[in-house]
Amino acid sequence: QVQLVESGGGLVQPGGSLRLSCAASGSIFRLNALGWYRQAPGKQREMVATFTSTGNGNYAGSVKGRFTISRDNAKNTIYLEMNSLKPEDTAVYYCNLDTRRIGRFHDPIYWGRGTQVTVSS
């Protein structure tokens, strides 16, 4: 059974920073299969950051240059470092496991419960 537990959300002023964590357990296969999504009120869930096949970050255009995805293999954890935060970054941020990113096409897709990020003065 896969479990994804996000943490690190909160209220931050515009221009501030936050670091989100996603602790993964179970049959995740590789941390490169994990990624971050977000959903703002009234909007569809969107990809924020994932890993490429070479382990580099792949980012939505709206966060490129401000957000950084990283991983700690020893802790089975991925992170999302968010800098220069804007009010439009306000959303629930979800950790996602999709093994299609690592070439496996018959596994379920998993989601964490999410962590709220609010950017406001």
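The values are calculated or read from the model by the stated rules, or taken from the named source; none is laboratory data. Keep in mind that what you see is a predicted model, and the values were worked out from it rather than measured. Neighbour counts are summed over all protein chains in view; Cβ atoms, including those assigned to glycine, are modelled from backbone coordinates with ideal geometry. With ligands, DNA and RNA removed, areas are computed over all heavy atoms of the protein, side chains included. Shrake-Rupley method; radii C 1.70, N 1.55, O 1.52, S 1.80 Å.
Worth a mention:
- Residue satisfying all of: in the range 107-120; closer than 16 Å to GLY26 by Cβ and not hydrophobic (A, V, I, L, M, F, W, C); farthest from the chain's Cα centre (by Cα) among these: ASP107
- Among the criteria (1) closer than 18 Å to ILE28 by Cβ; (2) free of Cβ contacts under 8 Å to residues at least 12 places away in the same chain, the one THR54 does not fulfil is (1).
- Answer residue from the range 58-110, given it is open to solvent by 30 Å² or more (accessible area, probe 1.4 Å) and of a type in the set (A, V, I, L, M, F, W, C) and is nearest to ALA33 (Cα to Cα) among those: ILE102
- Apart from one condition, CYS22 fits all of (1) without any contact (Cβ under 8 Å) to a residue 24 or more places away in the chain; (2) part of a strand (DSSP E or B); the exception is (1).
- Scanning the range 51-66 turns up no residue that is on the phi < 0 side of the Ramachandran plot, assigned to a strand (DSSP E or B) and β-branched (Val, Ile, Thr).
- Filter pass, ARG45 being surrounded by 15 or more Cβ atoms within 10 Å (Cβ to Cβ) and charged (D, E, K, R): yes
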